[in-house]
Amino acid sequence: MGNTKTKENTQSNVRAPPTAPAPTPLLNSLTSIRETIERQKKRITLFEKRRIQAGRSALRKRKAGDKNGALMDMRRKKMFEKEIAKLAAMQLTLEQQCFTIESAKANMDVVSAITEGANQMKKMNGALNVEDVAELREDIEEQQQMGDEVSNLLSEGIGFTADMDEDELEAELAALSDGEHNEEIANVLSKAPNAPVVAPMPVAPTNEVTITTGDSDEDMLAQLQAEFA
């Protein structure tokens, strides 16, 4: 009993393989055209081989002196060439048709995607109400305005700082700046090296210097020293 239930549960849990989507008429048309193109290619390949064989056979018969046989092979060669040209034209027509169908399918996919997008936009816009959006915007602006007012109130001075005059503060700041500038100048002057002391020049005599002519140099020097003493 237990084994039977286990097998049944196992079978129920096994998922069936995904089924391929059902082919559409458009897909069937493309498949049919592509298969026809492949058959045309095979026929062209076959007739191309026969054309080459007919040409070689015509050359051999001409060398052997069989003129009628050579002309018959040349007629076959021309027949195969015409058939190859017809098959190539038919293949080109099929390829053009296949390309046209694929382009139409691509256009249909684009239109379908655009239509689906438009429908989704309609659903989303239908879920929105212009009046509700306008009211929501007003609420947001009101909250922002309230926040700005709170910020302005908190940024203003309270108590002692609120009564301060800005002009007085600026004047005091200017005075402090001047005092600091003067103090800096004083510090610079105090740190400057002392100027050298220059000895005073001797005082010139005020009394009249008398020089006696005929005296010796020693007498004149002694007289001068006595006057400056």
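A few remarks follow.
- Greater than 23 Å apart at Cα, pairs in Lys41/Lys77; Lys42/Lys67; Lys42/Lys77; Lys49/Lys82; Lys42/Lys82: Lys42/Lys67
- Note on the range 23-131: Cα-only Rg and Dmax are 27.3, 102 Å.
- Counting neighbouring Cβ atoms within 10 Å and putting the fewest first, the residues Arg43, Arg51 line up as Arg43, Arg51.
- Our coupling estimate for the range 76-84, obtained by passing each phi through the Karplus curve with A = 6.51, B = -1.76, C = 1.60 and θ = phi - 60°, is 4, 4, 5, 4, 5, 5, 5, 5, 5 Hz, Gly and Pro reported as x.
Readers should treat all values here as calculations from the given coordinates under stated rules, not as data from a laboratory. As the structure is a computational prediction, the values presented were derived from the model and not from experiment. Every residue, glycine among them, receives a Cβ derived from its backbone with ideal geometry; neighbour counts consider all protein chains shown.
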